[in-house]
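Inspection log for the structure reproduced underneath, given as structure tokens.
The values are calculated or read from the model by the stated rules, or taken from the named source; none is laboratory data. Quick caveat: nothing in here was measured; it's all calculated off a predicted structure. As a convention, Cβ positions derive from the backbone with ideal geometry for all residues, glycine included, and neighbour counts pool all protein chains shown. When the accessible area is computed, the model is the full protein with side chains, heavy atoms only, and any ligands, DNA or RNA have been set aside. Shrake-Rupley method; radii C 1.70, N 1.55, O 1.52, S 1.80 Å.
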Amino acid sequence: MDFPKFSVPSVFLIIVVMGLSSGAESKTYWEDIEVLKELKNGLEPGSVSPGSCVSSWDFTVDPCDNLFSDRFTCGFRCDLVVSGRSRVTEIGLDQAGYTGSLSSTSWNLHYLESLDLSDNFFSGPISSSLANLTRLRRLGLSRNTLSGEIPTSIGSLSELEELYLDNNNLQGTIPASMNNLVNLKRLELQSNKLAGVFPELGSLKNLSFLDASDNAISGKIPGTFPASLIQISMRDNVLEGTMAPDSFRNLDYLQVLDLSHNRLSGSVPALLFDALPSLQQLALSFNHFSSIQVPASMATQSELIAIDLSNNELHGFLPSFMSLMPRLSALSLENNKLTGMIPTQYAFKAVVPGPGISPFERLLLGGNYLFGAIPDPLMGLKPGSVNMRLVDNCLIRCPAIFFFCQGGDQKSLAECKSFSPLIP
């Protein structure tokens, strides 16, 4: 058989072309390389410590070809895409104390799905060019020192599922454009300096976790929340006004509601005790609530495990229906203006709750105007059996031999009578 004959230059040319073709599929797209360079160059050189991911980035070789080698040990991920080129699909820097700005990077990474720069010292504003990350599903900028406002352009990240901006120095209002993040499942904005009215997020039909605690958010509670929510935490803000039942009516999956440390007032709506079938934890302490609405069902089907209504301005008697809540094991009503005698049902739930009923493991009633005798069933409780406090009330006798009377005295008779002439 005759074989084709090639000259030496021709053979060399074929080898070179074949080598380029075989390596083309593993080469990093040029624009992705530029962004990685921009990210490294935007860091303060002194913050790139030996042994950190970025310290190994050596652009004399191809990044994706050399990932996990001593030239590019870590910090990003590459995948082959339809074009046959390697594209950067994830960036996750280590917690090495990097300092620098995000504004010096163009973020033209059109296949990036996850960007996590958390637990470092990035400062300055959040770059509006992050909007270029059109395939991004996860953005993690937690625990840095970022400042300025959240850019409205962040609302264009329509594929985003998780957004972590917590524990920074972000200011200004939460942009209404966040309502465009229709695939968002988790939103964490806590521990910033965000202010203004919280926007309506009714379009976020997939949102399950919302934390906007420790900010300066003002105004009323939003009129509606996404029905998909499992947890709402907006503690430590300056929310005011009443809790409108319609804001919470359709939250069938809600398990945790924390609105403590705000300026909310009026009545605690009955709906919270019997109309939210999944609710397990309710925290409304340090507000200005004056009363508790009694649910028509007496909450006998409630899933609530823990209720904290301490440090409000609650008047009236202890709500008897709470002793009938089958799973309730932690109740704090401390530091209010509640009066009357301690219901015997409270004592029985702490000592002998009955079949299928969770006992009180924490019952904090101190700092009120409760009067009369301590219910007999409580007298036999031993230290450590229940976390209970009855100090700073108007009880007839609450000697320190009982563990729940230790740590403070009862109010003076004069103070008790000045609050209510019914107190004997």
Fill in: Length released on extending from ARG397 to ASP58, taking residue separation times 0.36 nm less the Cα-Cα span
114.4 nm
Worksheet entry | Karplus (6.51, -1.76, 1.60) ³J(HN,Hα), θ = phi - 60°, over the range 172-178, in Hz, Gly and Pro reported as x | x, 8, 7, x, 5, 5, 4
Practice prompt. Rounded to whole Hz and in sequence order, give me ³J(HN,Hα) for the range 359-371 from the Karplus expression 6.51 cos²θ - 1.76 cosθ + 1.60, θ = phi - 60°, writing x for Gly and Pro.
Written response: x, 5, 9, 9, 9, 10, 10, x, x, 10, 10, 5, 10
Worksheet entry | Dipole-positive endmost among SER47, ASN108, ASN66 within the range 25-138 (Cβ charges, Cα centre) | ASN108
Worksheet item: What shape does the range 251-383 have by the C-alpha gyration tensor, where a ≥ b ≥ c are the square roots of the eigenvalues, rounded means a/c under 1.5, and otherwise prolate means a/b greater than b/c and oblate the rest?
Response: oblate
Fill in: Antiparallel DSSP beta bridges within the chain, as percent of all bridges there, nearest 5
10
Item to complete: State the antiparallel share, in %, of DSSP beta bridges confined to the range 49-177, rounding to the nearest 5.
Response: 20
Practice prompt. Let me have the relative contact order for the range 25-138, percent, based on Cα pairs under 8 Å that are six or more residues apart.
Written response: 27
Discussion item. Report the rotationally averaged projected area of the range 335-420 based on its alpha-carbon convex hull, in square nanometres.
Written reply: 5.4
Worksheet item: So for the chain, what are the equivalent ellipsoid semi-axes in whole Å, largest first, each being the square root of 5 times an eigenvalue of the Cα gyration tensor?
Response: 61, 21, 21
Worksheet item: Per-residue ellipticity at 222 nm for the chain, helices alone: DSSP H runs ≥ 4 residues times -39500 (n - 2.57), over residue total, nearest 500 deg cm²/dmol?
Response: -3500 deg cm²/dmol
Worksheet item: Which value, in debye to the nearest 20, gives the size of the charge dipole of the range 153-267 about its Cα centre, when Lys and Arg are +1 and Asp and Glu are -1 at the Cβ?
Response: 220
Worksheet entry | For the range 139-419, size of Cβ-based charge dipole, Lys and Arg +1, Asp and Glu -1, in debye | 620
Discussion item. Binning at 5 angstrom from zero up to the longest distance, how are the C-alpha pair distances of the range 25-138 distributed in percent?
Written reply: 2, 13, 22, 27, 21, 11, 3, 1
Worksheet item: Which whole-number percent is the relative contact order of the chain (Cα, under 8 Å, 6+ apart)?
Response: 6
Discussion item. Please report the carbon-and-sulfur percent of the accessible area for the range 139-419; probe 1.4 Å, protein heavy atoms only, DNA, RNA and ligands left out.
Written reply: 51
Worksheet item: Once phi is turned into ³J(HN,Hα) by the Karplus curve 6.51 cos²θ - 1.76 cosθ + 1.60 with θ = phi - 60°, what whole-Hz value does each residue of the range 185-194 show in order, with x for glycine and proline?
Response: 10, 9, 10, 10, 10, 5, 6, 10, 10, 5
Practice prompt. Using a/c under 1.5 as the rounded threshold, could you call the range 198-295 rounded, prolate or oblate? The axes a ≥ b ≥ c are square roots of the C-alpha gyration tensor eigenvalues, and prolate needs a/b larger than b/c, oblate otherwise.
Written response: oblate
Practice prompt. May I ask for the angle, rounded to the nearest 10°, between helix 30-41 and the longest principal axis of the chain, with both axes built from Cα atoms and the value confined to 0 to 90°?
Written response: 60
Item to complete: Starting from the amide H of VAL81, placed 1.01 Å from N in the peptide plane, find each other amide H under 5 Å away whose residue is 5 or more places distant or on another chain.
Response: ARG87
Worksheet item: All other residues with a Cβ under 11 Å from the Cβ of SER291 taken together, and with Lys, Arg as +1 and Asp, Glu as -1, what is their net charge?
Response: 0
Worksheet entry | Cα centre as origin, Lys/Arg/Asp/Glu Cβ charges: the range 25-138 dipole, Debye | 220
Item to complete: Once you have a ≥ b ≥ c as the square roots of the Cα gyration tensor eigenvalues for the range 289-331, tell me rounded if a/c is under 1.5, and otherwise prolate or oblate according to whether a/b is larger than b/c.
Response: oblate
Response to the item:
Listed by chain and number, the aspartates and glutamates with an alpha carbon less than 12 angstrom from that of LYS417, same-chain partners under 8 positions apart left out, are none
